[in-house]
Amino acid sequence: MSVKRLCRMALLTAIALTIFMVEAQLPALAPVPGMKLGLANIVTVWALFSMGSTDALLILLARVLLGSIFSGQMMTLIYSLSGGLLCFLVSWRMRRHLHARQIWVAGVLGAAAHNIGQLLAATAVMRAGVVWYYCPILMASGIVTGAFTGLAAQLLYARLSRTGLLPKG
């Protein structure tokens, strides 16, 4: 791994981690557990489309691990990791089918997958399927927030493409 690539990944991890920590301090959007904007996913989606799957996955894993350590809530690790990995897998699969003007779709589908991953983790932790009653509410919010984060990643990708600042490998 080149020093330039490692530095770029470290910088993006720091940006995603900062966004995650700031968002954790914001009041809840609604009185539904687990509902949040997921702004740190902008970095992951952008990295997936501009840097590739390996770098994006490493950035995601580092952000999730460090975010749960810095927040002092190790349960965050279980929920963020399960949701983040499922989100990543869906976005990674969609990557080859989407054009630069369709990155927002990966945000929407990734957010839905993230919610499913978190519900699966909650079912395992709580040993009860009652959490699935939250699914329609989480899916509705996931579509909205996923569209926002996906569109933000798409606009960032487009802007950096025009300036020639996209990474080259």
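The values are calculated or read from the model by the stated rules, or taken from the named source; none is laboratory data. A quick note: this is a predicted structure, and the numbers were derived from the prediction, not measured. Counting neighbours? That spans all protein chains shown, and the Cβs are built from the backbone with ideal geometry, glycine included. Side chains included, ligands, DNA and RNA excluded: accessible areas come from the protein's heavy atoms. Shrake-Rupley method; radii C 1.70, N 1.55, O 1.52, S 1.80 Å.
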(message) Viscosity 0.890 mPa s, temperature 25 °C: what is the translational diffusion coefficient of region 19-169 from Stokes-Einstein with a Kirkwood Rh over Cα pairs, rounded to a whole number of µm²/s?
(response) 158
(request) Using only protein heavy atoms and a 1.4 Å probe, report how much of His99 is accessible, in Å² to the nearest 10. (result) 130
(request) Would you work out what percent of the accessible area of the chain, with all protein chains in place, is carbon or sulfur (probe 1.4 Å)? (result) 71
(message) Which residue fluctuates most in the GNM of the chain (Cα springs below 10 Å): Ile116, Ile103, Ile15?
(response) Ile15
(request) Give me the number: length gained by fully extending Gln73 to Thr163, i.e. 0.36 nm times residue separation minus the C-alpha to C-alpha distance, one decimal in nm. (result) 28.5 nm
(message) Give me the one-decimal nm value for the distance between modelled label points at Ser2 and Thr54, 7 Å along each residue's Cα-to-Cβ direction.
(response) 1.3
(message) I want to verify a result. In a Gaussian network model of the chain, Cα cutoff 10 Å, which of these has the top mean-square fluctuation: Ser82, Ser71, Ser53?
(response) Ser71
(message) Counting only helical runs of four or more DSSP H residues, what would the 222 nm mean residue ellipticity of the chain come to if each run contributes -39,500 (n - 2.57) and the total is spread over all its residues?
(response) -26000 deg cm²/dmol
(message) Please compute the modelled spin-label separation between Leu11 and Ala128, points set 7 Å along Cα→Cβ, answer in nm with one decimal.
(response) 4.8
(request) Starting with the highest mean, order 138-145, 74-81, 56-63, 40-47 by the number of other Cβ atoms within 10 Å, averaged over the residues of each peptide. (result) 40-47, 56-63, 138-145, 74-81
